Amino acid sequence: MKLNLGGITEAGRSLKNHTGTWRYKIPVINKEKCTGCGVCELFCPDSSIVITGGLASIDETYCKGCGICVRECKLEAIKMQPEGEESR
Amino acid sequence: MSVNQGSIKCREIMQGSIAVAETVGALEPGVIGVYPITPQTHIVEHLARLVANGNINSKYINADSEFSAASILYGASAAGVRSYSASSSQGLLLMTEVIFNMAGTRLPAVFSAVNRSLSPPINIQVDHQDTMTLRDSGLIQLYVENIQEAVDTHIQIFRIAEDLDVLLPAMVCMDGWIISHAYEPVTLWQEEAIRDFTGVFFPPYEVNPQKPLTYGALTDDDKITEFKYMVDAALGRAEEKIIQVAGDFKKAFGSYHGDVVETYYTEGAETIILAMGSIAGTIKVAIDQLRAENKKVGLLKIRSFRPFPASRIREVLSGAKTAVVIDRSFSASSGGILGSEVKAALYQQNGPFIINYIAGIGGRELYPHNIKEIITESEKLSAAGTVPDKALFYNLNSALI
C-alpha cells in the first residue's frame, strides 16, 4: 500500500475506520427494560445505535464505548460491561 | 544581461504593488481570496480594479478575515483552480493554520507576503518576523530584493508550487514599503509570454460531485510520520525546481536574480554577508565601496529560505574567514532565525566564524555605512577569536531599557 498524496482519499472513509477497536467497554441493552424510545439513538455521537423491532441495538463495528447512551437512558436499560466479558 | 525584447510589455517607473498586481493579473488566477492589511493592500486593490474593469476574469472574493481568505484558497486549490492571495504581519499569522493544512494536503496556491513587523507594539514597517514565523509549515518561501525580482519571482513561483513533484503552497516575501510602495524602473512582461512560461495547473485530484473525496482525513500514529515525511521530501525537491525554473526564466525573459541563492563577489572573499530581502541591495552598495578599497567582501543573498539551501551555503562559505548573518527576525532567546540555520548548516565543517546580527527590526533603517560598521565589528571579533555564541542586537539603545 502507498499513501495518497496529502491524505486525500475516496469519500466515506469513516466507514472503513472501524472505531469499535478503540473500545474497552461495551454498552449492553437490557431487553426487559428497553422500550425502544430512541433517546440513546438520538444521543449516540457515532450513529452506532439503531432501534429495530422496538429495541435498541448496538453496532459493535463502530461503537467507541463512550457511554453517553448509558447516561441518557432514563429507564436505566443500558449498562457498560468490560469488552468480551462472558456475562453479557 | 540582455533582456528578451520580444517578451516586454512595457518598461516604466512604477510602484512595486502595482507591478506585482499587474503580473499576477496577467496569470489570471481562477480565484483571488483577499482581506486587506497594510502594507499589502495596494496589491489586492489593484487586482480588484483589474477584475472590476473586466481586464481579467478571476473570481475575486472579499473574505471576512485572513483565515477565511486562506481557506478560500484551500477550497479553490482542491477544486484544481490556480489561486492567489496577499497578506502581511498579523494577517499572515491568522492564515497560519490554513497554510499548514494546505501544505499537508499538498494544495498549491501562491501568496504575496508583504513583510511587516508583528504586534505589539503596532508597527507597520518592515522586518521578517511575520513570514519567518511560518517557516515550519511546509510552505515554499522566496525572498526578493527589488521590484523587478518581485515581478519575476511571482511568475516563477506559480510553476514551482504547481509542479506535480512539489504541490505545496508558496510565498513571495517582499519587504513592506521598500519594495511594495517604492517606485522603481521595472519591466513588465507580455501576458502571453507569462502564461506560456507558467503553463496550466493540472491537479492530481479534483473536486467532483460524481466522485466525492475525503480531504483532511484522520490518521493514526501508524502513518502520520510518513505523511509528514512526504511534505519534507516535496519541499526538498522544490530546491531543484527553483534552480531549474530560474534558469528557464533567464532563457525565456533574459532576467535573472539568482536561484536558491545569489552570490555577489563571494569568490575569494574573506568576509561574506548573508541576508535576505531588500537589504541585499544596500549591502551590494556597501560591498562596491569596500571593493574599491580592495577589501575582500562579498554577499550571499538567500532567495529561498524554504527550501533551505544548506549545501549551497556550505559551498559558498567554505573559503571565507568570517560570515556575517544579518537577520530581520529572531526566535526569542535563541537568536536570529537565518543565523541559527546557517550555524546549523556549517556545524562541524571547520568553516568561517559566524557572527549573527539582529538588525532592521520594525523598519529601523540600515544604510551602507551601517553595513560597513557591521562588517568592521565582525572582522574584529573574528580576528580576535572572540565571536559571541549569541546573536547581537545591532544599534540597541540601552538607555531606553
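The values are calculated or read from the model by the stated rules, or taken from the named source; none is laboratory data. All figures in this text were calculated on a predicted structure; none of them were measured in a lab. With ideal geometry, Cβ positions are generated from the backbone for all residues, glycine too; neighbour counts draw on all protein chains shown. These accessible areas exclude ligands, DNA and RNA; they are computed on the full protein's heavy atoms, side chains included. Shrake-Rupley method; radii C 1.70, N 1.55, O 1.52, S 1.80 Å.
Determine the distance separating the Cα centre of segment B:225-300 from the Cα centre of segment B:307-379; give it in Å without decimals.
14
Give the B-A buried accessible area in Å², both sides summed, 1.4 Å probe, nearest 100.
That pair of chains buries around 1300 Å² in total.
Place a +1 charge on the Cβ of each Lys and Arg in chain B and a -1 charge on the Cβ of each Asp and Glu, then give the dipole magnitude about the Cα centre in debye, rounded to the nearest 20.
Charge dipole of chain B: 400 debye, to the nearest 20.
Tell me the relative contact order for segment A:18-82 as a rounded percent, counting alpha carbon contacts under 8 Å between residues six or more apart. Don't skip to the answer; put the middle values down first.
Working: 124 pairs, mean separation 30.7, N = 65.
For segment A:18-82, the relative contact order is 47 percent.
Could you give the dipole magnitude of segment A:18-82 about its Cα centre, charging the beta-carbon of Lys and Arg +1 and that of Asp and Glu -1, in debye to the nearest 20? Please list the in-between numbers first.
Values: 8 positive and 7 negative charges, 43 e Å.
Dipole of segment A:18-82, to the nearest 20 debye: 200 debye.
For B:Asp163, B:Asp64, write out the residues from largest to smallest accessible area, computed with a 1.4 angstrom probe and no ligands counted. If you can, show how the numbers build up before the last one.
On the way: B:Asp163 40, B:Asp64 120 Å².
Highest to lowest solvent-accessible surface, that is B:Asp64, B:Asp163.
Which GluC sites (Glu not before Pro) in segment B:344-401 sit in a loop by DSSP (not H, G, I, E or B) and have at most 14 other Cβ atoms within 10 Å of their own Cβ?
When the GluC sites (Glu not before Pro) of segment B:344-401 are filtered for loop state and at most 14 Cβ neighbours within 10 Å, B:Glu365 remain.
Where a Cα-Cα gap under 26 Å defines reach, which lysines qualify for A:Lys25, not counting those fewer than 8 residues away within the same chain?
List returned: A:Lys16, A:Lys33, A:Lys64, A:Lys74, A:Lys79.
Any idea what the relative contact order of chain B is, in percent, if you count C-alpha pairs under 8 Å spaced at least 6 apart? It would help to have the intermediate numbers written out before the result.
Values: 811 pairs, mean separation 65.4, N = 401.
Across chain B, relative contact order equals 16 percent.
Roughly how far apart, in whole Å, are the Cα centres of segment B:187-214 and segment B:1-40?
Cα centroid of segment B:187-214 versus Cα centroid of segment B:1-40: 18 Å apart.
How much area per residue is accessible in chain B when the probe is 1.4 Å and only protein heavy atoms are counted (Å²)?
On the way: 16760 Å² over 401 residues.
Spelled out: the 1.4 Å probe surface of chain B, per residue, equals 42 Å².
Pick out, from A:Ser47, A:Ser57, A:Gly12, the residue whose Cα sits farthest towards the positive end of the charge dipole of chain A, with +1 on the Cβ of Lys and Arg and -1 on the Cβ of Asp and Glu.
A:Gly12
Rounding to the nearest 10 and keeping the result within 0 to 90°, find how far the Cα-based axis of helix B:368-384 lies from the longest principal axis of chain B.
60
Farthest toward the dipole's positive end in chain B, which of B:Pro212, B:Met102, B:Ala86, given Cβ charges of +1 (Lys, Arg) and -1 (Asp, Glu) about the Cα centre?
Positive-most Cα among the choices belongs to B:Ala86.
Tell me which of B:Leu168, B:Val34, B:Gly339 sits at the most positive position along the dipole axis of chain B, charges placed on C-beta atoms (Lys, Arg +1; Asp, Glu -1).
Farthest towards the positive pole: B:Gly339.
Taking a ≥ b ≥ c as the square roots of the eigenvalues of the Cα gyration tensor of segment B:234-380, is the shape rounded (a/c under 1.5), prolate (a/b larger than b/c) or oblate? It would help to have the intermediate numbers written out before the result.
Details: a/c = 1.44, a/b = 1.24, b/c = 1.16.
Rounded shape, in that the Cα axes give a/c under 1.5.
Place a +1 charge on the Cβ of each Lys and Arg in the protein assembly as shown and a -1 charge on the Cβ of each Asp and Glu, then give the dipole magnitude about the Cα centre in debye, rounded to the nearest 20.
With only Lys, Arg, Asp and Glu charged at Cβ, the dipole is about 260 debye.
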